[in-house]
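Undergrad: My questions all concern the structure below.
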Amino acid sequence: MRAFIGFIAVLLVAGCQTVETTKGGTVGVDRQQRMAVSSEEVNAGAQKAYAQMMGEAQKKNALDRDAAQVQRVKGIVARLVPQTATFRPDAAKWPWEVHVISLDEVNAWCMPAGKMAVYTGLINKLQITDDELAAVMGHEIAHALREHSREQISQQMGTQAAIGIAGALFGIGELGQGIGNVVADVTLNKPKSRTHETEADRIGVELAARAGYDPHAAVSLWEKMARMGGSEPPQFLSTHPSHESRIADLKAYSERVMPLYQSAKGSAAVGK
Ligand SMILES: [Zn+2]
């Protein structure tokens, strides 16, 4: 068994590659990332886990209950998604999907390959505006564009080699399921690093601005989240930990992308 684990570890080290998941855009995010697992594996796992979760939400009668709310969320996502081309042209072909889940938690997420969910708690408890909702979804989409979950899994594998071993033991079919669980766990439950948060903030405000949503809403959104802190902080804050310089960074970057917002608003007005 020890030799077997050694063999897998060699495979993982050999399979590690440095990638540039996104182009810089106006906000200029350009950090290189080390990946030990392929996008294909992670995305396939995400799709499987997502389908399962939405199926369970459906069974509990918690999926897309309010047609107007669903239409609102889908409308905002539909404006954000085309803007992803600025950062990575392949994202246009991703199987983007969003659902509204009836859960009283302040939370939203985007799994790899664009599988998203917004909880009713986020919409209701924050009395969220369209611009703020675009800020949340822009931030979540940015995590997916940067493949932060894949990167986090790669970092875990560096120390544990867990997926490779499980995959080799259980065979390909089980591997997909196993990775699906890991991807869902990392995306939904594990806190993201400050670096990942900053990248998602910066790319998020640019996506929102290009889609014609006021990028400053990211600032009011995080201020609302912070005010909700106290004894029962929003679940969103546990997986997206804030840091003291976040608001200052968001203010600076939302200012930088204002011309994109103004030009998007301008062309929308011309189109009317
Ligand atoms: Zn985040």
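The values are calculated or read from the model by the stated rules, or taken from the named source; none is laboratory data. All figures in this text were calculated on a predicted structure; none of them were measured in a lab. As a convention, Cβ positions derive from the backbone with ideal geometry for all residues, glycine included, and neighbour counts pool all protein chains shown. Each accessible area value is taken on the protein alone, full model and side chains, heavy atoms only, with ligands, DNA and RNA left out. Shrake-Rupley method; radii C 1.70, N 1.55, O 1.52, S 1.80 Å.
Undergrad: If the limit is 26 Å between Cα atoms, which of Lys60/Lys224; Lys59/Lys115; Lys59/Lys224; Lys115/Lys251; Lys192/Lys265 go over it?
TA: Lys60/Lys224; Lys59/Lys224; Lys115/Lys251; Lys192/Lys265
Undergrad: Could you grab the relative contact order for the range 201-262? Cα pairs under 8 Å, six or more apart, rounded to a whole percent. Present the calculation step by step, with values, prior to reporting the outcome.
TA: Values: 52 pairs, mean separation 36.3, N = 62.
Relative contact order here is 58 percent.
Undergrad: Where does each of 203-211, 243-251 land if you order them by average Cβ count within 10 Å, highest first?
TA: Peptide ranking by packing, descending: 203-211, 243-251.
Undergrad: Would you kindly find the accessible area of Cys16, with a 1.4 Å probe and non-protein molecules such as ligands, DNA and RNA excluded, rounding to the nearest 10 Å²?
TA: 50
Undergrad: Moving to a separate point now. Short version: what are the Cα gyration tensor semi-axes of the chain, square root of 5 times each eigenvalue, largest first, in whole Å?
TA: The equivalent ellipsoid of the chain has semi-axes of 32, 21, 18 Å.
Undergrad: Hey, if we sort His99, His196 by accessible area with the 1.4 Å probe, largest down, what's the order?
TA: Correct descending sequence by accessible area is His99, His196.
Undergrad: Would you work out the relative contact order for the chain, in percent, from Cα pairs under 8 angstrom that are 6 or more residues apart?
TA: 22
Undergrad: Moving on to the next point. Before I look further, what does the chain give for accessible area per residue, probe 1.4 Å, in whole square angstrom?
TA: 46
Undergrad: Divide the volume of the convex hull of the Cα atoms of the range 201-272 by its number of residues and quote the answer in cubic angstrom per residue.
TA: It is 87 Å³ per residue.
Undergrad: Could you work out which residue, out of Pro95, Pro112, Pro191, moves most in a Gaussian network model of the chain, that is, has the largest mean-square fluctuation with Cα springs under 10 Å?
TA: Residue with maximal mean-square fluctuation among Pro95, Pro112, Pro191: Pro95.
Undergrad: Considering only protein heavy atoms, what is the solvent-accessible area of Glu20 at a probe of 1.4 Å, reported in Å² to the nearest 10?
TA: 90
Undergrad: Given q = 0.19, 0.26 Å⁻¹, what are the Debye log10 I(q)/I(0) values for the range 68-120, with equal point scatterers placed on the Cα positions and solvent ignored?
TA: Taking Cα atoms of the range 68-120 as identical point scatterers yields -0.66, -1.05.
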